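The next block holds one structure in the form of structure tokens; read it before the comments.
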Amino acid sequence: MQIRYKPKRNWLAMLFQTEILQGMALTLRRLFSRPITRQYPEEKPQIKTGFRGQHALVRDPRTGLTKCIGCMRCAVVCPSRCIRIRSHKMKEEWNRRVIDDYRIEALRCVYCGFCEEVCPVNAIVLTEIFEYGAYDRQALFFNMEQLLGNWDRFAARMNHPVEEYVNPFWRPRGLPEQNLPAAKRMPVSAEWSGDQQVVGKKWRQHHGSEQSCQGGVDV
Amino acid sequence: MNVIIMLLQIVVLFILVMLHVAYATYFERKIIGHMQVRMGPMRVGWHGLLQPIADGIKSFFKEDIIPEQADRPTFLAAPIICLVAMMTSLSVLPFAKGWVLADINIGLLFIFAMSSLASYGVVLAGWASNSKFSFLGGLRSMAQVISYEIAMGLSLVGVMLLSGSLNLSRIVEAQGSSVLGMYLLPQCIGFFVFFIAMLAETNRVPFDLPEAETELVSGYCTEYSGMRYAIFFMAEYIGMMVMASIGTICFLGGWNGPFAVPLFPPLWFVLKVYLFMFLFIWIRATLPRYRYDQLMDLGWKLLIPLALVNIVLTACIKAMVG
């Protein structure tokens with residue numbers, strides 16, 4: 001293949017610099033198109049299902065405490081090592097593990113969502129809340145009470161009942177049903193499970209219609 | 001008594017021009033923003049309308065840093081030279097019939113002299129800052145001046161020939177009030193050369209080589225801060241306005257329009273000037289920067305010969321017709 005860097009122009013195009021005029025026409029057309037800017041604090045972005053935001057520990061409706069069983073899978077899988085769990089065995093109750101503390105350093109977290117994927121009891125979740133900046137670091141080192149509190153705040157914001165909440169990341173994608181722990185065999189919408197899962201290029205095609213009506217840029 | 005009235009007029013013009021400069025920056029940011037599918041300033045006031053005032057207050061209270069190794073007197077003088085030269089050219093511009101501070105017979109020549117002086121400000125700033133970026137900026141400004149001043153002067157010779165005067169009011173009157181009377185059509189080559197030279201003269205994109213944001217980190221004003229930086233900005237925008245006014249006066253028929261406006265005679269003049277300003281901004285939003293050698297090429301090999309051809313043609317036609 002031969003690349004011609006300077007396309008041949010006839011003398012008329014040369015004289016009137018049509019290429020510059022084309023460029024000018026393009027910018028003029030853009031002047032009257034709608035800007036794609038989102039005026040952030042006033043206009044919030046539309047959060048899609050599966051958004052990975054602030055961390056929370058799901059509050060078990062039966063006990064009122066965390067569902068965590070102290071298996072340490074999340075702490076092991078975490079790529080940024082930001083999870084610290086402290087637990088002890090309860091001798092009186094058939095060696096049941098009781099969580100003393102569950103800490104997440106939100107400043108180190110990379111929001112990969114591995115912790116929610118590996119958790120066998122769906123105890124940890126990345127909620128859809130994303131505005132939780134703070135002026136001091138201490139406020140972003142979450143301990144167990146704060147994480148449970150995060151869940152309560154998120155649950156209060158939800159429209160549907162808390163019991164029905166299913167985070168798509170709780171069901172690891174691409175695994176057969178029988179390989180999943182009991183708690184994770186939950187119904188997730190088709191686009192989040194199995195072959196129909198919508199990721200990458202497919203996602204953009206899937207949401208193409210919504211995107212275009214938001215932005216209004218015709219490419 | 002006359003002196004007091006004159007001073008009053010000067011103060012009014014000064015205030016109006018400063019307001020113009022402030023809102024020209026707003027106009028530019030808004031238009032470029034929308035051309036890039038953004039919004040431009042939106043926060044200060046309704047749609048950012050108070051942004052220029054906030055900017056002004058900010059630059060006024062910013063720390064004025066003078067580099068230790070700088071050539072201090074020159075460093076301090078450079079922005080003032082720029083601003084004074086540009087403001088002085090305002091005095092000979094006829095905004096409407098009789099609306100001119102100094103109706104002198106060498107108006108056009110005076111403006112050439114002053115705009116050349118303004119580039120001295122840029123060159124001196126580049127030299128005095130004692131920084132590589134600034135120095136390169138000053139160097140480029142120098143090269144730009146020698147290749148564009150000539151073309152610009154020559155491009156307006158055609159206008160002088162046709163109108164037979166250097167007085168700006170006389171040039172406007174010579175064009176008459178009809179569209180056909182404008183020198184835009186008979187002097188189309190001159191206008192082409194003038195327009196390009198005008199962009200280069202005001203250091204605007206695509207000829208913003210002295211102040212090349214992307215390669216020279218703002219070139220000659222790298223070391224400037226606070227109010228001095230703002231003064232350079234003012235000089236640039238006043239320069240744009242002066243050059244746009246010259247374009248309006250010499251080619252678009254100045255204050256003449258389809259009908260006379262009773263209360264505000266300079267209306268047509270202002271509209272035409274803003275048309276030029278919009279063109280400046282539009283070009284800035286569209287074109288990339290010329291390379292140093294391409295600019296010299298364009299100046300010496302295209303614009304100067306074209307301007308000379310224009311002079312000869314105009315003179316011949318005038319001699320034959322007149």
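Bear in mind that the values in this text are calculations on the coordinates, not laboratory data. These numbers were taken from a predicted model, which means no experiment stands behind them. With ideal geometry, Cβ positions are generated from the backbone for all residues, glycine too; neighbour counts draw on all protein chains shown.
Overall shape: oblate for region A:1-74, with the ratio a/c of the largest to smallest alpha carbon gyration tensor axis at 1.5 or above and b/c at least equal to a/b. Between residue A:97 and A:90, the built amide H atoms are under 5 Å apart, and every one of these is 5 or more places off in sequence or on another chain.
Which listed residue (B:145, B:212, B:156) has the Cα farthest towards the positive end of the charge dipole for chain B, taking +1 on Lys and Arg C-beta and -1 on Asp and Glu C-beta about the Cα centre? After comparing all options, I get B:156. By the count of neighbouring beta-carbon atoms within 10 Å, fewest first, B:29, A:9 end up ordered A:9, B:29.
Which entries of A:44/B:58; A:91/A:184; B:97/B:272 have Cα-Cα distances beyond 25 Å here? In this structure, A:44/B:58; A:91/A:184 exceed 25 Å between Cα atoms. About the centre of its Cα atoms, the protein assembly as shown shows a dipole size close to 1460 debye [charges on the beta carbon of Lys, Arg (+1) and Asp, Glu (-1) only; nearest 20 debye]. Here the relative contact order of region B:177-322, from alpha carbon pairs under 8 Å that lie six or more residues apart, stands at 33 percent.
Counted by neighbouring Cβ atoms within 10 Å, the residues B:64, A:136 run from fewest to most as A:136, B:64. Per residue, the average separation of C-alpha pairs within less than 8 Å and at least 6 apart gives chain B a relative contact order of 23 percent.
With the Cα gyration tensor of region B:1-90 giving a ≥ b ≥ c as the square roots of its eigenvalues, does the rule (a/c under 1.5 for rounded; else a/b larger than b/c for prolate; else oblate) give rounded, prolate or oblate? Here region B:1-90 falls in the oblate category. Dipole of chain B (Lys/Arg Cβ +1, Asp/Glu Cβ -1, origin at the Cα centre): which of B:117, B:267, B:134 lies farthest to the positive side? Towards the positive end, the residue furthest out is B:267. Ordering B:272, A:67, A:44 from the fewest to the most neighbouring beta carbons within 10 Å gives A:44, A:67, B:272.
Helix B:226-251 axis versus longest C-alpha principal axis of chain B: approximately 10°, rounded to the nearest ten. Sorting the Cα pairs of the protein assembly as shown by distance into bins of 10 Å, from 0 upward, gives 3, 13, 19, 17, 13, 11, 10, 8, 4, 1, 0, 0 percent per bin. Which shape class applies to region B:220-322: rounded if a/c is under 1.5, otherwise prolate when a/b exceeds b/c and oblate if not, where a ≥ b ≥ c are the square roots of the Cα gyration tensor eigenvalues? Taking the square roots of the gyration eigenvalues as a ≥ b ≥ c, region B:220-322 is oblate. Net length available on complete extension from residue B:279 to residue B:319 is 10.9 nm, with 0.36 nm assigned per residue and the Cα-Cα distance removed. Between 0 and 90 degrees, the angle of helix B:188-201 with respect to the longest Cα principal axis of chain B falls at about 20 degrees.
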